[in-house]
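Only one structure is covered here, and it is reproduced in the block below.
The values are calculated or read from the model by the stated rules, or taken from the named source; none is laboratory data. Because the structure is a prediction, the values reported are computed rather than measured. Positions of Cβ are backbone-derived with ideal geometry, glycine not excepted, and every protein chain shown enters the neighbour counts.
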Amino acid sequence: MTLSNITPDWLKTQLADPEQEKPVLTILGSEVMTQRECEKKLLALIGHSKFQLARILLKNRFTIYFGTLFTQATTDLEKEAVLKLMEKHKSEAGKELLAELVGTEPEKKIDSTETMTASRVLEEKM
């Protein structure tokens, strides 16, 4: 799965209950949970009948997380906030997806003030 496969409504259409989107995104975007912990939380949330979906979500967790956030961003400020979040992500996944999205190698450092502003914008959106 690539970022170009993600539309603003992709995740909602995959879930039985569209209200599950925000909690699922929170799980997928977690930088502290292991894959196994994410799997347990996802299955508890979406149910074992959606095991195949859980596998897809886990395999593509950061692509779906960042792709959903970016495609749902409606303003330049929101999009910039997602890009900053991708850039500061602890794993290489965010940086790799950022490079895919903008077609360049991302810089390794960002201003902490910009990070705080970006985080606030995303928190307000969710």
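Residues in segment 18-47 that are in contact with a Phe, Trp or Tyr (Cβ under 9 Å, 6 or more places away or on another chain) and over 23 Å from Lys88 (Cα atoms): Leu43 only.
The set of residues in segment 28-48 being in contact (Cβ under 8 Å) with a residue 12 or more places away in the chain, exposed (fewer than 15 other Cβ atoms within 10 Å of the Cβ) and assigned to a helix (DSSP H, G or I) consists of Gln35 alone. Suppose the filter is crowded, with 16+ Cβ neighbours inside 10 Å and under 18 Å from Thr2 (Cβ atoms); does Leu15 pass it? No.
Kindly indicate which of Phe66, Phe51 is in contact (Cβ under 8 Å) with a residue 40 or more places away in the chain and part of a helix (DSSP H, G or I). It is Phe66. Going by the structure shown, is Met86 within 20 Å of Asn60 (Cα to Cα) and either modelled with pLDDT of 80 or more or in a helix (DSSP H, G or I) (or both)? The answer is yes for Met86.
Within segment 39-51, the set of residues being modelled with pLDDT of 95 or more and more than 19 Å from Glu19 (Cβ to Cβ) comprises Glu39, Lys40.
Among the residues of segment 69-99, those that are touching a residue at least 40 places away in the same chain (Cβ under 8 Å) and crowded, with 16+ Cβ neighbours inside 10 Å comprise Leu69, Phe70, Thr71, Gln72, Ala73, Glu78, Ala81, Val82, His89, Leu97. Count of segment 1-27 residues, restricted to those that are part of a loop (DSSP other than H, G, I, E, B), farther than 14 Å from Gly47 by Cβ and of a type outside the set (D, E, K, R), is 5.
The set of residues in segment 69-83 that are part of a helix (DSSP H, G or I), aliphatic (A, V, I, L, M) and within 17 Å of Leu11 (Cβ to Cβ) comprises Leu69, Val82.
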